[in-house]
Amino acid sequence: MKKEQPNSFVIAEAGKCIGCKACELACFAVHNRDNGVAAAVGTVTTPVIPRLYVIRTDSFTMPVQCRHCENAPCAGVCPVQAIVQEEGAITIDEDRCIGCKACAIACPFGAISLYKAYSNGQEHKQPYLRERLDGRLERKTRVIAYKCDLCHDITNS
């Protein structure tokens, strides 16, 4: 029987974080290499959506990100099983995610956010759900959950 390894996670030291948000930009750039994100400043057409975010208080600044819980509450509440454990990381299958927000509510660390989905630098539209815009019914932009995946799609590609 193969022994399972505990999940990995990254945690920042609040005393060393200066709040520059370079981690947010690096995260976004790495996860969007194939989504219209170029290396040059000012050429990004997709909004910056990192999988972690920096918080600031009067006493500290630090990034908030997924702790890759061993008994992940986010996975337990996902109605479509889009959240799974893969090779020591809790990941979200973005194609399967329906944007129900249950995972964001269940996360004890506030590490899951929901944003618009993008494909090839364009908003990914839902096939059926529509919204009224300028008096017309338009296909609604798909919303999905984002969280740190320990760069799973980069390290395993």
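The values are calculated or read from the model by the stated rules, or taken from the named source; none is laboratory data. Model, not experiment: these values are computed from the prediction. Neighbour counts run over all protein chains shown; Cβ positions are idealised from the backbone, glycine included.
Out of the residues in segment 59-106 that are outside any loop (DSSP other than H, G, I, E, B) and of a type in the set (Ser, Thr, Tyr), which is farthest from Val143 (Cα to Cα)? Walk me through it before giving the result.
Just the residues of segment 59-106 that are outside any loop (DSSP other than H, G, I, E, B), to begin with: 61-64, 73-77, 83-86, 89-92, 102-106.
Of the ones still in play, those that are also of a type in the set (Ser, Thr, Tyr) are 61, 91.
On the way: Thr61: 28, Thr91: 17 Å.
This residue is Thr61.
Quick check on segment 119-127. Is at least one of its residues of a type in the set (D, E, K, R) and assigned to a strand (DSSP E or B)? Steps first, answer last, please.
So the first thing to find is which residues in segment 119-127 are of a type in the set (D, E, K, R), and the list is 123, 125.
Narrowing further to those that are assigned to a strand (DSSP E or B): 123, 125.
Within segment 119-127, one or more residues are of a type in the set (D, E, K, R) and assigned to a strand (DSSP E or B).
Being closer than 25 Å to Ala26 by Cα and either polar (S, T, N, Q) or in contact (Cβ under 8 Å) with a residue 60 or more places away in the chain (or both), is that true of even one residue in segment 95-112?
no
For Arg51, indicate whether it is at pLDDT 80 or above, surrounded by fewer than 18 Cβ atoms within 10 Å (Cβ to Cβ) and within 19 Å of Ile11 (Cα to Cα).
Working: at pLDDT 80 or above: yes; surrounded by fewer than 18 Cβ atoms within 10 Å (Cβ to Cβ): no; within 19 Å of Ile11 (Cα to Cα): yes.
So Arg51 does not fit the description; no.
From the set of residues in segment 127-150 that are of a type in the set (A, V, I, L, M, F, W, C) and either touching a helix residue (DSSP H, G or I) at 6+ places or on another chain (Cβ under 6 Å) or within 16 Å of Cys78 (Cβ to Cβ) (or both), which is surrounded by the most Cβ atoms within 10 Å (Cβ to Cβ)? Give the steps one after another, and end with the answer.
Restricting attention to segment 127-150, the residues satisfying the condition of being of a type in the set (A, V, I, L, M, F, W, C) are 129, 133, 137, 143-145, 148, 150.
Filter once more, keeping what is either touching a helix residue (DSSP H, G or I) at 6+ places or on another chain (Cβ under 6 Å) or within 16 Å of Cys78 (Cβ to Cβ) (or both): 143-145.
Details: Val143: 16, Ile144: 21, Ala145: 24.
It comes out as Ala145.
Taking segment 90-104 on its own, how many of its residues are small (Gly, Ala, Ser) and either more than 13 Å from the chain's Cα centre (by Cα) or exposed (fewer than 15 other Cβ atoms within 10 Å of the Cβ) (or both)? First the steps, then the outcome.
Step one: filter segment 90-104 for residues small (Gly, Ala, Ser), giving 99, 102, 104.
Within this subset, residues satisfying the condition of being either more than 13 Å from the chain's Cα centre (by Cα) or exposed (fewer than 15 other Cβ atoms within 10 Å of the Cβ) (or both) are 102.
Number satisfying all stated conditions: 1.
Say whether the condition of being under 22 Å from Ile98 (Cβ atoms), of a type in the set (A, V, I, L, M) and exposed (fewer than 12 other Cβ atoms within 10 Å of the Cβ) is met by at least one residue in segment 117-126.
The answer is no; no qualifying residue exists.
Please tell me if Ile112 is in contact with a helix residue (DSSP H, G or I) (Cβ under 8 Å, 6 or more places away or on another chain) and among the β-branched types (Val, Ile, Thr).
Judged against the criteria, Ile112 is a match.
Would you check if Glu70 is farther than 23 Å from Phe28 by Cα and modelled with pLDDT under 95?
Values: farther than 23 Å from Phe28 by Cα: yes; modelled with pLDDT under 95: yes.
So Glu70 passes the test.
Taking Ala72 as meeting all but one of (1) in contact (Cβ under 8 Å) with a residue 24 or more places away in the chain; (2) crowded, with 17+ Cβ neighbours inside 10 Å, write down the number of the exception.
Among (1) in contact (Cβ under 8 Å) with a residue 24 or more places away in the chain; (2) crowded, with 17+ Cβ neighbours inside 10 Å, the lone unmet condition for Ala72 is (1).
With the requirement that a residue be touching a Ser or Thr at 6+ places or on another chain (Cβ under 6 Å) and of a type in the set (Asp, Glu), what does segment 72-106 give you?
Selection gives nothing.
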